[in-house]
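The values are calculated or read from the model by the stated rules, or taken from the named source; none is laboratory data. Keep in mind it's a predicted model, so treat the numbers as computed, not measured. Counting neighbours? That spans all protein chains shown, and the Cβs are built from the backbone with ideal geometry, glycine included.
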Amino acid sequence: MTASKPPAARPGRPREFDVNDALDGAVRVFRERGYHATSVSDLGAAMNLTPGSIYKAFADKRAVYIATLDRYSAQRRQCMMLVLDALDNGREKIHAMLRFYADAAHGEEGRMGCLVVGGMVEMSTFDPELAAHVSGALQRTEDLLRALLADGVADGSIPASLDQDGATLALLSVLEGLRVVGKSGRNQAQMLAAADAAVRLLG
């Protein structure tokens, strides 16, 4: 008599939610409350998930935050690059980048703030590991600015005499500063005017 075969293992239960939709909910709550003030219950309400589902999918709040930051940064950069890639020279691209940030820094959207800027302020003192992850997003912005300035010098739209390292840091400070000032409820015209003034500093 032959031994009967054991029953085939049943496949795991498929995930019943869209990860990106859930992370979009987490973006909102982390932007509004910050990392430390956001509880797993807050995330559950924002992501439309039970705490158990959150832990199963992401392990812990830190993992949710990192995944949320990565999605937020990738989405913002993708939208911005669609704008920049349609332009002809470095100066125009830097101007468009400034206006892109300014356009997100007014009204209700502006009051919510930037996840990267908020994370940098919050994590720099209390959580070096998460701060390093946030710094990576900031570094990518700095690298893009440096490349656009070099392109502008090469194509003649930016003076060759410009201190490119100093200008890169100055522009980065303006970009992130726009998001900070935007939390005070400035209007769109004010923020766009600030962006327009900043690009004139390039000469």
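Summary table
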item	result
Cβ pairs under 6 Å, 6+ apart, first in the stretch 134-157 and over 26 Å from Ser124 (Cα atoms), second surrounded by fewer than 19 Cβ atoms within 10 Å (Cβ to Cβ) and aliphatic (A, V, I, L, M)	Val153/Ala160
Met112 vs. criteria in contact with a His (Cβ under 9 Å, 6 or more places away or on another chain), closer than 16 Å to Tyr72 by Cβ and either aromatic (Phe, Trp, Tyr) or touching a residue at least 24 places away in the same chain (Cβ under 8 Å) (or both)	no
Filtered residues of the stretch 68-92 (kept if touching a helix residue (DSSP H, G or I) at 6+ places or on another chain (Cβ under 6 Å) and more than 30 Å from Asp196 (Cβ to Cβ))	Thr68, Arg71
Hits in the stretch 177-198 - residues which are in contact with a helix residue (DSSP H, G or I) (Cβ under 8 Å, 6 or more places away or on another chain), surrounded by fewer than 19 Cβ atoms within 10 Å (Cβ to Cβ) and not polar (S, T, N, Q)	Val180, Val181, Lys183, Gly185, Leu192, Asp196
Within the stretch 74-153, helices (runs of 4 or more DSSP H) holding 2 or more residues that are of a type in the set (A, V, I, L, M) and modelled with pLDDT under 95	115-126
Candidate set: the stretch 22-73, residues that are among the acidic types (Asp, Glu) and not in a loop (DSSP other than H, G, I, E, B); chosen: the one modelled with the lowest pLDDT	Glu32
Subset tally (residues that are under 23 Å from Val83 (Cβ atoms), surrounded by fewer than 17 Cβ atoms within 10 Å (Cβ to Cβ) and not basic (Lys, Arg)) for the stretch 115-141	2
Out of Met97, Met112, Met80, sole residue that is crowded, with 21+ Cβ neighbours inside 10 Å and not aromatic (Phe, Trp, Tyr)	Met97
Selection status of Leu178, within 20 Å of Gly118 (Cβ to Cβ) and in the same structural domain as Met97 (by TED's automatic domain parsing)	yes
Contacts under 6 angstrom Cβ, first residue in the stretch 29-42 being farther than 11 Å from Val64 by Cα and touching a residue at least 24 places away in the same chain (Cβ under 8 Å), partner of a type in the set (Asp, Glu) and outside any loop (DSSP other than H, G, I, E, B), 6 or more apart	Gly34/Glu122
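The rows are residues; the columns are (1) under 21 Å from Ala96 (Cβ atoms); (2) of a type in the set (A, V, I, L, M, F, W, C).
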| residue | (1), (2) |
| --- | --- |
| Glu122 | no, no |
| Asp127 | no, no |
| Leu149 | yes, yes |
| Gly152 | yes, no |
| Ile158 | yes, yes |
| Val174 | yes, yes |
| Asn187 | yes, no |
